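Have a look at the structure below, then the notes.
The values are calculated or read from the model by the stated rules, or taken from the named source; none is laboratory data. Since we're looking at a predicted model, the values are computed, not measured. Ideal geometry is used to build each Cβ from the backbone, glycine not excepted, and the neighbour counts take in all protein chains shown. Just so you know, the surface numbers come from the protein's heavy atoms only, side chains and all, with ligands and any DNA or RNA stripped out. Shrake-Rupley method; radii C 1.70, N 1.55, O 1.52, S 1.80 Å.
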Amino acid sequence: EAGVAQSPRYKIIEKRQSVAFWCNPISGHATLYWYQQILGQGPKLLIQFQNNGVVDDSQLPKDRFSAERLKGVDSTLKIQPAKLEDSAVYLCASSLWFRTSGTGELFFGEGSRLTVL
Amino acid sequence: QKEVEQDPGPLSVPEGAIVSLNCTYSNSAFQYFMWYRQYSRKGPELLMYTYSSGNKEDGRFTAQVDKSSKYISLFIRDSQPSDSATYLCAMQLTGGGNKLTFGTGTQLKVEL
């Protein structure tokens with residue numbers, strides 16, 4: 001079974017430039033997540049989709065970050081304009097099961113490492 | 001105060017040692033407790049999960065949850081160099097819709 005695919009793996013940009021990351025979840029996984037992991041910290045949820053609808057984007061800096069999940073499959077996370085503090089690894093994850101109770105395993109991609117100069 | 005606290009390490013142990021990794025948390029409403037392992041430049045992968053209090057064992061790994069103390073632990077027996085990674089604890093509320101709150105991770109190195 002293919003895992004969560006992300007691209008690009010690495011990106012270096014200057015501050016105020018824009019960048020986009022792409023994620024293809026595991027086939028059949030209805031729930032997709034974008035996490036931000038700053039060096040030395042645990043992952044922080046930015047946005048969660050159920051199919052193509054947003055479930056939680058409470059920690060997404062909406063003045064500069066945007067995300068979409070067209071047709072309930074692939075997703076794109078965009079940052080515009082980037083700031084120095086956006087330097088981090090952006091992890092995409094997907095899960096098979098979303099309910100209001102219980103939990104389902106999250107499967108993570110390898111991440112997209114962003115450096116903002 | 002962070003919701004989930006975890007000693008960042010690094011923790012270095014000899015091969016064969018018993019390793020104890022710990023997290024404390026402040027939100028008593030957390031009901032699901034997980035341990036994820038993250039190798040360098042890879043995404044986290046689920047190692048174990050426990051619902052509410054108690055112990056769970058899987059091979060060389062044992063997860064313990066003490067809700068009264070708001071304290072969770074992961075024990076690794078007979079540690080191997082392949083166990084060298086960062087270990088992240090994660091927690092979820094009941095009805096939390098798979099929304100996880102992660103600790104900062106503990107970096108473990110098992111040396112030959």
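Per-structure values
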read-out: Looking only at segment B:86-99, and only at residues there that are open to solvent by 10 Å² or more (accessible area, probe 1.4 Å) and more than 7 Å from chain A (Cβ to nearest Cβ), the one that is modelled with the highest pLDDT; value: B:Thr86
read-out: Number of positions in segment B:90-112 that are within 20 Å of B:Leu47 (Cβ to Cβ), of a type outside the set (Gly, Ala, Ser) and part of a strand (DSSP E or B); value: 9
read-out: Residue list for segment A:77-106, restricted to those being within 9 Å of chain B (Cβ to nearest Cβ) and at pLDDT 95 or above; value: A:Val89, A:Leu91, A:Cys92, A:Ala93
read-out: Members of segment A:18-30 found to be over 12 Å from the mean Cα position of the chain (by Cα), of a type outside the set (Gly, Ala, Ser) and under 23 Å from B:Gly97 (Cα atoms), listed by number; value: A:Ile26, A:His29
read-out: Those residues of segment B:40-64 which are open to solvent by less than 30 Å² (accessible area, probe 1.4 Å) and either modelled with pLDDT of 95 or more or small (Gly, Ala, Ser) (or both), in sequence order; value: B:Gly43, B:Pro44, B:Gly54, B:Phe61, B:Thr62, B:Ala63
read-out: Scan of segment B:12-24 for residues that are away from every other protein chain (no Cβ under 12 Å) and either under 14 Å from B:Leu88 (Cβ atoms) or under 12 Å from the mean Cα position of the chain (by Cα) (or both), ordered by number; value: B:Val19, B:Ser20, B:Leu21, B:Asn22, B:Thr24
read-out: Enumeration of residues in segment B:74-109 that are closer than 20 Å to B:Gln1 by Cα and among the polar types (S, T, N, Q); value: B:Gln92, B:Thr101, B:Thr104, B:Thr106
read-out: Of all residues making up segment A:1-17, the number that are open to solvent by 50 Å² or more (accessible area, probe 1.4 Å), in a loop (DSSP other than H, G, I, E, B) and either under 16 Å from B:Leu100 (Cα atoms) or not charged (D, E, K, R) (or both); value: 2
read-out: Selection from segment A:19-59 of residues that are within 25 Å of B:Asp7 (Cα to Cα) and either in contact with a Gly (Cβ under 6 Å, 6 or more places away or on another chain) or open to solvent by 50 Å² or more (accessible area, probe 1.4 Å) (or both); value: A:Ile38, A:Leu39, A:Gly40, A:Gln41, A:Gly42, A:Lys44, A:Gln59
read-out: Lone unmet requirement of (1) surrounded by 14 or more Cβ atoms within 10 Å (Cβ to Cβ); (2) of a type outside the set (Val, Ile, Thr); (3) more than 12 Å from A:Cys23 (Cβ to Cβ) for A:Tyr90; value: (3)
